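First the structure, in the form of structure tokens, and then the observations on it.
No lab work stands behind these numbers, since they all come straight from the coordinates. Keep in mind the model is a prediction, meaning the values are calculated, not measured. Because the Cβ atoms are built from the backbone with ideal geometry, glycine has one as well, and the counts that use them run over all protein chains shown.
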Amino acid sequence: MAGGYISNETIDAILNTTDIVATVGEYTKLERRGPNDWWGCCPFHGEKTASFHVDGDKKFYHCFGCHKGGNVVSFIMEMEKLSYVDTLEMLAKKSGIQIKYQDGYKPDSNRTKFDEAEKYIELYERTASMFHYFLMETEPGKKALEYVTKRGLTKETIQKFKLGYAPADRKWLFHFLRSKNFSAEFLAKSGLFSQKYPEYSFFSDRLMFPIFNRKDQVVAFGGRVLPPASEDQRKYLNSGDMLQFKKRETLFGFNFAKKSIRENKKIIFCEGNMDVIAYHQCGLDFAVATLGTAMTEEHVNMIRGFADTVLLSFDSDSAGQKATVKAILLCRKAGLQVKVIVLSGGKDPAEIMLKFGAEVLKKNVDDARLDSAFLLSKLAKDYPVETADGKTKAALEFFPYIDSLQSDIQKESCLEQLVQAFNLNPEAVRRDFNNREQARERVGSSQSTVKQPVREVKLNSELRVLLAVIADLSQFAKVRNEISVNDFDDPAAKSIFIALEECFRADDLTFVSVLNHCNDKELQQLITKVIEAKEFSKNENQIVQDGIRLIKRKKLEKQREKLMNRIRQLKPATVQEQQLMQELLAEKMNIDRKLNSTM
Ligand SMILES: [Zn+2]
């Protein structure tokens, strides 16, 4: 890997100076087992026995469980999800190493962008300090300080989050920054001022929340209006996207929370900055919030590898509930456990903290409900589940959740919960689940919004079978005897099956060859990821057998459904029609018999 514009000399110095044992030790507890041999639980994959080895002399690490390995730079890159250059810069700063650039290095456009971002960060840091001073020390800031104090925030909390106050005089900031030698042109592009009137501050007379990046630098602001607010004022304003700030990839409080998230393996997701701050003040310092957007895949990627469990703490209004459902699906698809915090005693965490104290808020978090239980009780409220129609609709809306689950056992158990919750016929539910697209059309409901995007490749039961086959290619001969490409519904599964079949016929059934025959990049990534993770290396035989049975069942169920439709539509009047009816009924019985034998 090249260090971009950073000289090899600097990279060597970083590698020589940085103590890999101490650095890794900040993320997982290491135990000495030899002169400079250290072992601990792998920080990348969850485990209870130590299979993560750090060699202090050779300065590398290796995990015998997930096979990740490398030097201190790759460790930090993976752990902090930083780029190579960012990691080098961070480590250099930590060791007090002056970065030297390669000979003949000329700033390329990226470097210039980087410099520019750094300049904006400097500007935002300065502005944040100024706003903070206004809040803590000045007369105009008093009402904002009173507001946060009244809401129960301590001085330490206000300082930790560097809360501030943006003066009501909209021209003040411009003149202040100009006096500090920032050019008018630079300020115009800074996002701190009105587009139309460049001297007018974007935020005025607001309580200011600096938004930090993961390196603890201020990169943006959120501003809350102070009560009493007039109706035409937006309650919250956030900075727009800038070079140094991408809303979809940033979480409020993440810089303060990441250490605790890693230690506790869990994270609280809230809606507002104030919620995050209240949680932190109560010792629940693994809380973060999105910045005026719904949870995104980028957010989920940020926390994956840090946390196993996501606790959702959104508002109880209908927008908050909708956001909760969306977030559940997003997190589940990423393989995270999800719980929902149902607040009692106040409308938001800050109110509960103020009225009842930290312990009650903690209790609320401890009592968080499993997402499946939360969804089922929500459905029971949203639909008249005492009627047959209501039951069907509720079940259909629950299916995307079951789909989002990663393991077949979980799926089974949730189908079971669904059956129990609404007192459904288990057979009918399974049939509807297997034919959920048709079932949805049949109901003709307005649930199209919860349909999965087609483009995305996700692990479903059909894909699981084929991935298990790829893990043990000798199984394919058996599989192709039992099922064919037409038995698959999922387009991705169809592609894999075709790739397998092509390789089989060419007598070249190897992993690499199969991968090359799948010419879809996303699919290739999924395959390599799953195979590398050895998800199917223990029980692929069982998965394949179960999978074939499931696929055959689905095929039979489809045939049965088609047949039933014909039988329903047929009103036998003539002798021929009566005879046809007899044949159809016989065929149906035949299918039923087969269905029973594949249970
Ligand atoms: Zn590992």
Checklist entry - Of Lys322/Lys363; Lys59/Lys93; Lys150/Lys362; Lys119/Lys258; Lys29/Lys521, which pairs sit farther than 27 Å apart, going by alpha carbon to alpha carbon? => result Lys29/Lys521
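What Kirkwood Rh does segment 272-312 have if only Cα atoms enter the pairwise 1/r average? Answer in Å.
Kirkwood hydrodynamic radius for segment 272-312: 11.1 Å.
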Item to check | the chain - share of DSSP beta bridges that are antiparallel (%, nearest 5) | outcome: 70
Next on the checklist: If the reach is capped at under 16 angstrom between alpha carbons, list the lysines near Lys162, excluding any in the same chain fewer than eight residues apart.
Outcome noted: Lys142, Lys215
Checklist entry - Given the C-alpha centroids of segment 352-404 and segment 55-81, what is the distance between them in whole angstrom? => result 40
Checklist entry - Taking the Cβ of Met589 as the center, what net charge do the other residues with Cβ under 13 Å away carry, scoring Lys and Arg +1 and Asp and Glu -1? => result +1
Checklist outcome for this item: Highest mean packing first, using Cβ neighbours within 10 angstrom, the peptides 71-81, 506-516 sort as 71-81, 506-516
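Note down the net charge around Asn16, summing +1 for each Lys or Arg and -1 for each Asp or Glu among other residues with Cβ under 14 Å from its Cβ. The partial results should precede the final answer.
Values: positive: Lys58, Lys59, Lys94; negative: Glu9, Asp12, Asp19, Asp57.
Counting the neighbours of Asn16, the net charge comes to -1.
Applying a 10 Å radius around every beta-carbon, put 420-427, 121-128 in order of their mean neighbour count, most first.
By packing density, highest mean first, the sequence is 121-128, 420-427.
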Item to check | Descending Cα extents along the principal axes, segment 470-549, whole Å | outcome: 29, 26, 26
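Counting residues in the chain as N, plug N into 2.2 N^0.38 Å and put the Cα Rg over that result. Don't jump to the answer; show the numbers that get you there.
Details: Rg = 29.2 Å, N = 599, 2.2 N^0.38 = 25.0 Å.
Rg over 2.2 N^0.38 Å, computed on Cα atoms: 1.17.
In percent, how large is the relative contact order of the chain, given Cα pairs closer than 8 Å and 6 or more residues apart? Walk me through the intermediate numbers first.
Details: 767 pairs, mean separation 39.0, N = 599.
The value is 7 percent.
What does the charge count near Arg369 come to, summing +1 for each Lys or Arg and -1 for each Asp or Glu among other residues with Cβ under 13 Å from its Cβ?
Details: positive: Lys339, Lys378; negative: Asp366, Asp367, Asp371.
So the environment of Arg369 carries a net charge of -1.
Quick one: which of 285-294, 464-473, 559-568, 15-24 comes out on top by average Cβ neighbours within 10 Å, and what's the full order, highest first? If you can, show how the numbers build up before the last one.
Values: 285-294: 21.0, 464-473: 22.7, 559-568: 13.4, 15-24: 15.9.
Descending mean neighbour count gives 464-473, 285-294, 15-24, 559-568.
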Item to check | Spatial separation of Cα centroids for segment 124-191 and segment 554-599, in angstrom | outcome: 75
